[in-house]
Amino acid sequence: MTIKQIRKFLKQSDKLLILAIGSELRNDDAVGMYIADELIKQNFDKKKFSIIKGATAPENFTGEIKKYKPTDMLIIDAADTGKKPGEIDIIDVSSVVGASFSTHMMPINVFLDYLFKDFDCRTLIVGIQPRTLEFGTDISKDIKKTADELVLLIKEEIENGK
């Protein structure tokens, strides 16, 4: 069901921003950044598609996001959802109230509330269950496999729909 939700979200998007969150120093927490790097290699229309590598402080990019004014935002990060490593889940923003999202600075709901005071934007948060968040620079094989599948899905939808 989750892949269908992501596909439907992408099909319905008009001006899409992908916000990748994660620490490249904490193994599987880098999954969002890895996905962003793979998508940046593509030659997508910058007027309809943008990628921001928010790293561990996506709030530092609020000006850039507001300037782009996306109609749709896909946020990708490692998230402990209690599933098997590599499994994807859709994260409900209201479920992270008052707690930092993953290993990052600001609670995601506070970040989004601040952003959307100036414009409306559909948002989908995709969490990928990490195997480990220990310090290191290697993404686990099962996490990388999921990331590659997600890159392919996004690439297909962008190329087919835009």
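In deg cm²/dmol, rounded to 500, what helix-only [θ] at 222 nm does the chain give when every DSSP H run of at least 4 residues adds -39500 (n - 2.57) and the total is split over its residues?
After summing the helix terms and dividing by the residues of the chain, the value is -11000 deg cm²/dmol.
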For this session: Please compute the net charge surrounding Gly86, taking Lys and Arg as +1 and Asp and Glu as -1 over other residues with Cβ under 15 Å from its Cβ.
Result: -4
Exercise. Tell me, in nm to one decimal, what length is gained between Leu25 and Lys11 on full extension, where the rule is 0.36 nm per residue of separation less the Cα-Cα distance?
Worked result: 1.7 nm
Exercise. Normalised by the residues of segment 2-131, what does the relative contact order come to in percent, with Cα pairs under 8 Å and at least six apart?
Worked result: 31 percent
Problem set entry | Cβ-based net charge around Asp142, under 10 Å, with every Lys or Arg adding one and every Asp or Glu removing one | +3
Problem set entry | Segments 122-135, 32-45 sorted - mean Cβ within 10 Å per residue, highest first | 122-135, 32-45
For this session: At 7 Å along the Cα-to-beta-carbon direction for both Lys46 and Phe119, put a label point, then send me their distance in nm to one decimal.
Result: 1.6 nm
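No lab work stands behind these numbers, since they all come straight from the coordinates. A quick note: this is a predicted structure, and the numbers were derived from the prediction, not measured. Virtual Cβ from ideal backbone geometry, glycine too; neighbours counted across all protein chains shown.
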